[in-house]
Amino acid sequence: MAFTTSLKKLLIGLLFVMGLCLMILYFNESQSLLKPASSFLMNGFESRHSKLKLYSTGDSSKIPIERTWTYKCVNQRCVRQHYSSSNNNNEKRIPFSTCSMLCGSYTKIWPEPTKSYIGISANSFSLNDIKFKIRTPFKNVESLLESAFSIFLEEVKTIVQSFNGKVDELNNKGTSSTAKSQNSKEHSTTDRSYHSSHRRHNLTNVNIFLHVLKTSDIHLTFNTDECYNLTLINEHQTIDVRISANSFFGARNGLATLQQLIWYDDEDELLKIIGSANIADCPKFNYRGVMLDTSRHYFSVDAIKRTLVAMSHSKLNRFHWHITDSQSFPFVSKHYPELAEYGAYSPNEIYTHENVRDLANFAQVRGIQIIPEIDAPAHAGNGWQWGVEKGLGELSLCINQQPWMSYCGETPCGQINPRNNNTYKILQSLYGELLELTGPTDYFHLGGDEVNLECWAQYFNDTDLRSLWCDFMLQAHHRLTLANGGHPIKTAGVWSSALTNMPCLSNKNFAVQVWGGSQWSENYQLIDSGFDLIFSHVDAWYLDCGFGSWRPTGDGACSPYRTWQTVYKHKPWQTMRLNKQQAKQILGGEACLWTEQVDESTLDSRLWPRSSALAERLWRDPQDELDFAIPKETFNRFSIFRNRLVQLGIKAEPIFPRYCGQNQDECV
């Protein structure tokens, strides 16, 4: 009996200790290990990414505050009304930003999440109220997430500053209790009234928990899981945000979504956050890209970073860097500096190893992979003309040859010499340098488009000159393997052309980026041949089209202009009526910006927000009820997102007159 009593006491004691341990673990999970925002923005937060300097896109322009207008939610749309404090019975002005986030039953996130519930209440807070905790067993993931969170905070600050708003100075002790409203209730929009005291926030804590438990991968591949779950719960003057994902990339996508649930109220002069949310989100396509040509015009590192910032907010994940072409060769090779010496527009218009590594790290922490392309064998002119002088023979043929129409698709001409082994040595070296700078990958772009057989015919007597292209592409692919330490890269990308479907390329090793028209027969031929495809159809996703011809005569190469609606409505995997197996061959899509008529002065407006329209098509691929029309809610969401890009310093073009943004649904 005594033994039984002792055993019971022992069991009770053990249960008590276990309960105490669980409470301690829960407390640690919820509070003690949370880091204040100040630890990420003060005292020189260190990581390998912060050494790049957190990049701010902000410029000197500010967002005008609409003092004479207030907005009310009527029938789930924001209605603009004239506002004067003297005749509005002391009712507070409601800015459009607050009304648009809380009015209407549709989600305000772009790209639209797969599944979501987002509340219609708001809470105000200060950056000092934010605390952050990472839960992951992987140190490399933890480092990246810390950097991603620092960027998150910096960009929230940028949004506040775009309204000339004052950002609270962060301190390690948090804000004093007197600075906070004692009202813990959310500001419900049921009656669309807002009762919080002016410039006083009603939250004491915004706790952000990030969980990544499955994989330590920090380099994007075709198998990367980018899904995430986000919950936002409001209780006792505290909002808990929990983002869980299987990979760093999924968690970063969750942070991008969270940032869209936060906005600046220019009347209260406070940050606000949605009161509750539950989101489960996965992309349809793993490859969601933007291609930028930096040969026809040079773009500074800062301009490219601005592009990467906009991509990260749109959840686009592949930056295809068409770094060289026949016009110029701006990449400074460590082993063959002559390429840039003879090919760059000027000594100041170059990309060094440090530049490329900087951009690769900058992109990685934003969930983006950089895919460099040294186009070959065509599109290889200026930069390759020094071979004979250096005893290496003619590296490229037809360089700057006239009349250019006979020897290339666009002036100036230039096409790699496929019978000079030194060209392959140089390419192998270039591939190795770029792989080292941009990190491990399962995809690398080899170029391969628009070979002009008349150029080669001047030098070679082959009966079938097409076999020269086959020989070149196979040799280039072999050199890529050697450059990767003898390890084959899973997939090599090539542009589509009249030669692509020749039997020399294996559909196991090559994927084809289809740039021709969406109705061209090559789409079906390549699918039937078993190739994986990345769509970049010229009639939908070429963003340089529609600005007329840059030559003295002739029409523009690809008119008309591709509107964001054209970009958004293009869904070739549906119109091609693919079966299940064929549908698996579609890796995704990419918007292309060739830069004959584009430089830094027009870069933002050519890419944005049209590339963001592509982003939603590739992320959610919404099934529109009407194929010929875009829903009004989509216009409203897109307008809100475009405004957010502008707040971040991206000079995105407007999608309609500003009146239409202020008066929802009246223009569409």
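The values are calculated or read from the model by the stated rules, or taken from the named source; none is laboratory data. In this text the structure is predicted, and so the values were computed from the model without any measurement. Cβ placement follows ideal geometry from the backbone for every residue including glycine, while neighbour counts extend to all protein chains displayed. Areas reflect the complete protein model, heavy atoms only, side chains present, ligands, DNA and RNA absent. Shrake-Rupley method; radii C 1.70, N 1.55, O 1.52, S 1.80 Å.
For this structure, a couple of remarks:
- Here Q582 passes the criteria (1) surrounded by 12 or more Cβ atoms within 10 Å (Cβ to Cβ); (2) part of a loop (DSSP other than H, G, I, E, B); (3) over 20 Å from the mean Cα position of the chain (by Cα); (4) at negative phi except the one numbered (2).
- Test: residue in region 131-140 that is assigned to a helix (DSSP H, G or I) and farther than 29 Å from E66 by Cβ: yes
- Some residue of region 531-553 being under 19 Å from L587 (Cα atoms), open to solvent by 40 Å² or more (accessible area, probe 1.4 Å) and hydroxyl-bearing (S, T, Y): no
- Of the residues making up region 207-249, those that are aliphatic (A, V, I, L, M) and more than 26 Å from the chain's Cα centre (by Cα) are I233, I239.
- Qualifying residue in region 126-143 (condition: without any contact (Cβ under 8 Å) to a residue 40 or more places away in the chain, touching a strand residue (DSSP E or B) at 6+ places or on another chain (Cβ under 7 Å) and of a type in the set (D, E, K, R)): yes
- Candidate set: region 643-668, residues that are part of a helix (DSSP H, G or I) and open to solvent by 50 Å² or more (accessible area, probe 1.4 Å); chosen: the one farthest from W263 (Cα to Cα): Y659
- Qualifying residues in region 243-277 (those that are of a type in the set (S, T, Y) and in a strand (DSSP E or B)) - the one most open to solvent (accessible area, probe 1.4 Å): S244
- Filtered residues of region 479-500 (kept if open to solvent by 60 Å² or more (accessible area, probe 1.4 Å) and either closer than 26 Å to S536 by Cβ or of a type in the set (D, E) (or both)): P488, K490, A498
- Filtering Y287, Y298 for residues that are in contact (Cβ under 8 Å) with a residue 24 or more places away in the chain, surrounded by 21 or more Cβ atoms within 10 Å (Cβ to Cβ) and not β-branched (V, I, T) leaves a single hit, Y287.
- Hey, V388 open to solvent by 10 Å² or more (accessible area, probe 1.4 Å) and without any contact (Cβ under 8 Å) to a residue 40 or more places away in the chain or not: yes
- Tally, over region 221-239, of residues that are open to solvent by 10 Å² or more (accessible area, probe 1.4 Å), free of Cβ contacts under 8 Å to residues at least 60 places away in the same chain and in contact with a Leu (Cβ under 9 Å, 6 or more places away or on another chain): 2
- Only residues that are open to solvent by 40 Å² or more (accessible area, probe 1.4 Å) and not aromatic (F, W, Y) were counted in region 80-117, giving 15.
- Among residues of region 298-348 being among the basic types (K, R) and either in contact with a strand residue (DSSP E or B) (Cβ under 8 Å, 6 or more places away or on another chain) or assigned to a loop (DSSP other than H, G, I, E, B) (or both), the one that is farthest from T441 (Cα to Cα) is K334.
- Under the condition of being under 24 Å from the mean Cα position of the chain (by Cα) and either open to solvent by 60 Å² or more (accessible area, probe 1.4 Å) or of a type in the set (A, V, I, L, M, F, W, C) (or both), the residues counted in region 509-525 number 4.
- The numbered conditions (1) outside any loop (DSSP other than H, G, I, E, B); (2) open to solvent by 10 Å² or more (accessible area, probe 1.4 Å) are all true for T411 except (1).
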